[in-house]
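Take a look at the structure set out below.
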Amino acid sequence: MLVQFGACRLELVQGDITRQSVDAIVNAANSKLAGGGGVDGAIHRAAGSTLMDETRQQYPDGCPTGSAVATSGGLLKAKFVFHAVGPIWRGGVFGEIDLLKSAYRRCLELAVEHSCRSVAFPAISTGVYGYPIDLAAETSLAVTREFLLTQKKPDLVRFVLFDGGAFGAYARVLDAMAD
Ligand code: ADP
């Protein structure tokens, strides 16, 4: 599914983020940048050990929740990986929505700072961190739409949803947004 916002494209696909041919992919990391399961494990396995070497050297203190840091893409097709730290869902009353927005916004800023024309996101926080998928779709698509309409960059933002349920949730929200 593809929607145009000004000169920019926002695309939804179902698949594996490690296989995307884009300038940057986003990782759903933890605040210690310590590696983990889920999409984080898949990205580190596919990219090789340079990613962990870079995060240890450049970001020994990790990354705060709601922010993101950049490394190279290692063995991936992508030139960069942006390690974003989304919030753990604790009922929605601990600022989770703003923290998730801020993690996405920081990645979009990093894409612009690194002259990336295309960037791919997973559904940050919706796995082990427990953020409800429908709300995650609303939160992440709204902040991306606003960024693309105001900053007019990057050219392409792709959301890579791992399963059909997540893809359906994102598609319903984007459909409503494009009307
Ligand atoms: P978090 O700790 O931020 O919740 P997870 O990795 O547990 O991170 O899950 C985030 C989302 O990434 C989930 O929706 C999960 O289904 C999805 N996911 C897992 N592996 C991949 C992958 N290879 N490509 C894209 N998305 C993935």
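Odds and ends about this structure:
- For the chain: lysine pairs under 24 Å (alpha-carbon distance), excluding those fewer than 8 apart on one chain: 8
- Region 120-179 and region 1-76 have their alpha-carbon centroids 15 Å apart.
- Charge dipole (Cα centre; +1 on Lys/Arg Cβ, -1 on Asp/Glu Cβ; no other charges) of the chain amounts to roughly 280 debye.
- When only the Cβ of Lys, Arg, Asp and Glu is charged (+1, +1, -1, -1), the dipole of region 2-105 relative to its Cα centre reaches about 100 debye.
- In order along region 126-139, phi translates into HN-Hα couplings of 8, x, 4, 6, x, 5, x, 5, 5, 5, 4, 4, 4, 5 Hz, rounded to whole numbers, per the Karplus curve 6.51 cos²θ - 1.76 cosθ + 1.60 with θ = phi - 60° and x for Gly and Pro.
- Once the 1.4 Å probe is applied to the protein heavy atoms, region 74-136 comes out at 46 Å² accessible per residue.
- Built amide H within the under 5 Å cut-off of residue 159, gap 5+: 11, 12, 13, 121
- Short-range pairs are left out: with C-alpha atoms under 8 Å and at least six residues apart, the relative contact order of the chain is 30 percent.
- Applied to region 33-39, the Karplus parametrisation 6.51 cos²θ - 1.76 cosθ + 1.60 on θ = phi - 60° returns per-residue 3J(HN,Hα) values of 6, 8, x, x, x, x, 5 Hz, with x for Gly and Pro.
- Between residue 7 and residue 178, the C-beta separation translates, for a Förster distance of 22 Å, into a calculated FRET efficiency of about 0.90.
The values are calculated or read from the model by the stated rules, or taken from the named source; none is laboratory data. Source: prediction; values computed, not measured. Positions of Cβ are backbone-derived with ideal geometry, glycine not excepted, and every protein chain shown enters the neighbour counts. Ligands, DNA and RNA are excluded from the accessible area calculation, which covers all protein heavy atoms including side chains. Shrake-Rupley method; radii C 1.70, N 1.55, O 1.52, S 1.80 Å.
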